[in-house]
Each structure stands twice: as structure tokens, then as C-alpha cells.
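A.B. asks: Please read through the structure below; I'll follow up with questions.
Only the coordinates and a few stated rules stand behind these numbers; no lab work does. Predicted model, so just to flag it, every value in this text is computed and none were measured. Here the Cβ positions follow ideal geometry from the backbone for every residue, glycine too, while neighbour counts run over all protein chains shown.
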Amino acid sequence: MKNIFSALKLAMDYDQQGEWDRAHEVVQNIEHELACRIHAYLHRKEGDMDNALYWYRRIGLEPFQGSLSSEQKDILQRLAENKSSMSN
């Protein structure tokens, strides 16, 4: 499980560096709720709302209503929370 969160953090690092394709490549084959959330965020950022909606629906979430920056911060917070809960 730790490797999944390392990969998801890597995807978000790529996103923050403007490497959308690399971020997408990392998350597209990970079967985890947070990977689907990142996948949705990336497609939302790309402007492909149909694809983003698919990924939100896949994990039973309503589409994020805030800014892309707010969603990015929310995802990074969730990654940090998951990482700290694994070390306990």
C-alpha cells in the first residue's frame, strides 16, 4: 500500500511541475480511490469534463466545485493524511 501512495505523490509532483502526461501515466493504471480522484482532477484540469465526471462517478463523488488549486490542495492533504495513518 505504501508504494501506491508514493506513486500518487509522484503523480501530484508531476502535476505541480506542469507534466500532465506524466501525472496521468502514473495514475491511469492504479486501482485505488485516491488514484481515481487524481485521475478526475487531471481530466478536469485538462478541460475534459466528460472524462473527469466518469472518474468522479466511479468512486461515488460529486464533481469538485472549487478551483483547480483548491482541489489540488485537498488531494495533497488526503495524501498526507493517508501517509500518516499508515505510519501509526
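A.B. asks: If each of GLU19 and ILE4 carries a label point 7 Å out from its Cα toward its Cβ, how far apart are those two points in nm?
C.D. replies: The answer from the label model is 2.3 nm.
A.B. asks: Within 12 Å, Cβ to Cβ, of ASP13, how many net charges do the neighbouring residues add up to if Lys/Arg are +1 and Asp/Glu are -1?
C.D. replies: Values: positive: LYS9, ARG22; negative: ASP15, GLU19.
With Lys, Arg at +1 and Asp, Glu at -1, the net is 0.
A.B. asks: Can you figure out the FRET efficiency of ILE30 with SER67, using R₀ = 30 Å and their beta-carbon distance, to the nearest 0.05? All intermediate terms of the calculation are to be shown ahead of the outcome.
C.D. replies: Numbers: r = 25 Å, r/R0 = 0.83.
My answer for the efficiency is 0.75.
A.B. asks: Go through 62-72, 29-39 and give me the packing order, highest mean Cβ count within 10 Å leading. Walk me through the numbers on the way to the answer.
C.D. replies: Details: 62-72: 12.2, 29-39: 17.4.
Taking the mean over residues of other Cβ atoms within 10 Å, the ranking is 29-39, 62-72.
A.B. asks: In whole percent, what relative contact order does region 1-78 give with Cα contacts below 8 Å and a gap of six or more residues? Please report the intermediate quantities before stating the final value.
C.D. replies: Values: 72 pairs, mean separation 17.6, N = 78.
Reported relative contact order: 23 percent.
A.B. asks: Might you report the magnitude of the Cβ-based charge dipole of region 2-83 about its Cα centre, with Lys and Arg at +1 and Asp and Glu at -1, to the nearest 20 debye? Before the final figure, lay out each step's value.
C.D. replies: On the way: 11 positive and 14 negative charges, 58 e Å.
Computed charge dipole of region 2-83: roughly 280 debye.
A.B. asks: At a temperature of 4 °C and a viscosity of 1.567 mPa s, determine how fast the chain diffuses translationally according to Stokes-Einstein, using the Kirkwood radius over alpha-carbon pairs as Rh; express D in µm²/s, rounded to the nearest whole number. Provide the component values of the computation, followed by the final result.
C.D. replies: Details: Rh = 12.9 Å.
Estimated diffusion coefficient is 101 µm²/s.
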